[in-house]
1. Can you tell me the orientation of helix 10-60 relative to the chain, as the angle in degrees between its alpha-carbon axis and the longest Cα principal axis, to the nearest 10?
2. Residue 9 to residue 49: extension gain in nm, 0.36 nm per residue of separation minus the Cα-Cα distance?
3. What distance in nm lies between label points placed 7 Å from Cα along the C-beta direction at residue 99 and residue 21?
4. Using a 10 angstrom cutoff on alpha carbons, build the Gaussian network for the chain and name the most mobile of 69, 12, 79.
5. Please identify which residues in region 43-66 have an amide N closer than 16 Å to a label point set 7 Å out from the Cα of residue 121, following the Cα→Cβ vector.
6. Write down, largest first, the equivalent ellipsoid semi-axes of the chain in whole Å, where each equals the square root of 5 times an eigenvalue of the alpha-carbon gyration tensor.
7. Mean-square fluctuation check for the chain, GNM, Cα pairs under 10 Å: which of 22, 92, 111 is largest?
8. Just from its helices, what would the mean residue ellipticity at 222 nm be for the chain, if runs of 4 or more DSSP H residues each count -39500 (n - 2.57) and the sum is divided by every residue, rounded to the nearest 500 deg cm²/dmol?
C-alpha cells in the first residue's frame, strides 16, 4: 500500500530558493543601474545650472571688460567642485566677423568626470555679447 505524501520536496524547495535568489539579484542590478543613472542626471542638471550661472555673470559684464585674461579668472563654486569631480571650466571668446553691431561670441564649456573616472559629456553654452544698449549704433 502506498501512502500519498503532500507538501514540497527538498528538490522543489531548492529550485524555488534559486529562482528567488536570481530574481533578487536582478532587482538589485536594476536598482544599482537606476541609482547610477539618477546620479548622472543630477550631475548633468547641476552642471547645466552652474554653467548658466557663469554665463549670466559673463553677460552682465561690460563687453569691453570681456577679455581672455578676465575669463581665465572665472572659477566654479565650491559646491560645484564637490558635486562634479574633476570639473573644468573653459571659456572661449571670438569677435564677430559679421557686419553689424560689434559683438563677442562667448562659448562656455563645463566638463567633469563620472564616478567611474570617465569623462562625462560636457555642458556647452554659446551666447553673443553685444554690450549695453547705449553702445549700439
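No value in this document is a laboratory result; all are computed from the given coordinates. Just so we're clear, the structure is a prediction, and the values are computed from it rather than from any experiment. Note that each Cβ is placed from the backbone with ideal geometry, even for glycine, and that neighbours are counted across all protein chains shown.
1. Approximately 10 degrees, to the nearest ten.
2. Details: separation 40, 0.36 × 40 = 14.40 nm, distance 5.99 nm.
Length gained, residue 9 through residue 49: 8.4 nm.
3. 7.9 nm
4. Among 69, 12, 79, the largest GNM mean-square fluctuation belongs to 12.
5. Under 16 Å, as judged by backbone N against the label point of residue 121, lie 43-49 of region 43-66.
6. Details: eigenvalues 734, 37, 21 Å².
Its equivalent ellipsoid spans semi-axes of 61, 14, 10 Å.
7. 22
8. On the way: 3 runs with 62 residues, N = 137.
My calculation for the chain gives -15500 deg cm²/dmol from helical runs alone.
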